[in-house]
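Heads up, the thing below is written out as structure tokens.
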Amino acid sequence: MLKTLVNKYNIAGPRYTSYPTVPYWDNGTFSLKNWRSSLKKSFEESNSKEGISLYIHLPYCESLCTFCGCNKRITKRHEVESPYINAVLKEWRLYLDLFQEKPIIKELHLGGGTPTFFSPENLKRLINGILQSSKLAEHYEFSFEGHPNNTTRAHLQALYNVGFRRVSYGVQDYNETVQKAIHRIQPFEYVKRATELAREIGYTSVGHDIIFGLPFQTLEHVKETILKTKELLPDRLAFYSYAHVPWIKGNGQRGFNDSDLPAAELKRKQYELGKELLAQVGYSEIGMDHFALPTDSLYQSMINGNLHRNFMGYTASKTQAMVGLGVSSISDSWYGFSQNVKGIESYYSLLNDNVLPVYRGHILNKEDLVIRQHILNLMCRFKTSWTPERLNFKELPDVIIRLKEMEADDLLSINVNSIEITKKGQPFVRNICMAFDLLLQRKQPDVQLFSMTV
């Protein structure tokens, strides 16, 4: 039965880290002026109540991983570090000029690229530069993405000293054949060392990222990776499907042939096996593709109904405003999105002219805000309701019709004022969200924009 459902629902679809999704942003009506206004409004409404989130993109890597879909710049020249940090701090100052009071930082995340490409001293300078002009929320959370091969004790200690307590390491898969195909060679011993160092220093949440559906990856490879993960028992895990979109990401994902990738049925078996093994160890599934031990804040936020999803993925708490700094970063005011330019040279040029380095975005209308809330509810709580009345919308009867077949397949239950996704339906949450995605329904793309849902 599962095989039949996989074949039926394995179509291209968004991962819904936002709504509207980026390909459906209305750039024609977007402007830097209305983006600034939307962020200012959001900040005034929410800063004193909950603070803001910061995402900082650090794009440099010393080598190219061929599975990676992130914006990155490959170099071994570390003299690029200081000018980039200076630029990020200048961008932050431009945002500070918008705000009438000091921002209260609730979440801060360093992503990449490879944040640990930067020296401990430069990372510390970056964070101190942010904190000098800010306040900290009572229960703040700082996190960063570490590469097991180059995250040193000095990196971990320097970031710990400025408030970081969570780190996630990209593991992907421990099999040497798979690692060679994705150009990410990192022995288990390196991950073990980096994990134990973090705990020794005092980090309270260590995460690992594991991917299924990688080239040449078998069921046995996934089993081996999960069993090795069991030895280290990270506090949380991202266990997600490889998104193969070489037509978007360029040559980085052309390092192997499409025929080298596991078929949809095998990918689903890899996921089911991994999920079963993780459950045996004590992990609970959080939303889509995430797992956590009961002691981790992500699990606790799910139990308390506070789980949130944005461009950083699942987070343990929500802020209405999220500011993205650095090349390609995306900001979210709840009322609008903006994305920075992707090229480092154009990023520097705009900042030299004291201009926020934004090149596209979207201001949400009333319909967008309603649909966004429904999709967020489904992604974080596997259910949504159209009461109160403000969450009702004109096309709801059409959405219900689209969901009827999924209900017949036991993926969800449709109630008078709500729907709820079943355990069986949780792996197909992206498909269910697509039924609510009015922009996608109105205009199906002429070319494939998204990865496959399975």
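The values are calculated or read from the model by the stated rules, or taken from the named source; none is laboratory data. Everything numeric in this text was worked out from a predicted model, so none of it was measured. For neighbour counting, all protein chains shown are included, and Cβ atoms are generated from backbone atoms with ideal geometry for every residue, glycine included. With ligands, DNA and RNA removed, areas are computed over all heavy atoms of the protein, side chains included. Shrake-Rupley method; radii C 1.70, N 1.55, O 1.52, S 1.80 Å.
Could you tell me whether Phe99 is open to solvent by 10 Å² or more (accessible area, probe 1.4 Å), more than 20 Å from the chain's Cα centre (by Cα) and among the aromatic types (Phe, Trp, Tyr)?
yes
With the condition kept exactly as written, say whether any residue in the range 47-60 is touching a Phe, Trp or Tyr at 6+ places or on another chain (Cβ under 8 Å), under 30 Å from Lys180 (Cα atoms) and without any contact (Cβ under 8 Å) to a residue 60 or more places away in the chain.
yes
Search the range 1-45 for residues being touching a Ser or Thr at 6+ places or on another chain (Cβ under 7 Å) and polar (S, T, N, Q), and hand back the single one that is most open to solvent (accessible area, probe 1.4 Å).
The extreme case among them is Asn10.
Quickly run through the range 115-141 and pick out the residues that are in a loop (DSSP other than H, G, I, E, B) and modelled with pLDDT of 95 or more.
Phe118, Ser119, Gln132, Ser134
If you scan the range 142-162, which residues turn out to be open to solvent by 10 Å² or more (accessible area, probe 1.4 Å) and either in a strand (DSSP E or B) or on the phi > 0 side of the Ramachandran plot (or both)?
Selection gives Glu145 alone.
Output the residue which, of all residues in the range 315-360 that are β-branched (Val, Ile, Thr) and modelled with pLDDT under 95, is surrounded by the most Cβ atoms within 10 Å (Cβ to Cβ).
This residue is Thr319.
Which numbered condition trips up Cys70, out of (1) touching a residue at least 24 places away in the same chain (Cβ under 8 Å); (2) open to solvent by less than 60 Å² (accessible area, probe 1.4 Å); (3) out of contact with any helix residue (DSSP H, G or I) (no Cβ under 7 Å at 6 or more places or on another chain)?
Every listed condition holds for Cys70 apart from (2).
Inspect the range 110-131 for any residue being farther than 17 Å from Leu58 by Cα and open to solvent by 30 Å² or more (accessible area, probe 1.4 Å) and give the result as yes or no.
Scanning the range 110-131 turns up at least one residue that is farther than 17 Å from Leu58 by Cα and open to solvent by 30 Å² or more (accessible area, probe 1.4 Å).
Any chance you could count how many residues in the range 195-212 are touching a Phe, Trp or Tyr at 6+ places or on another chain (Cβ under 6 Å) and either closer than 22 Å to Tyr242 by Cβ or open to solvent by less than 10 Å² (accessible area, probe 1.4 Å) (or both)?
Total satisfying the criteria: 4.
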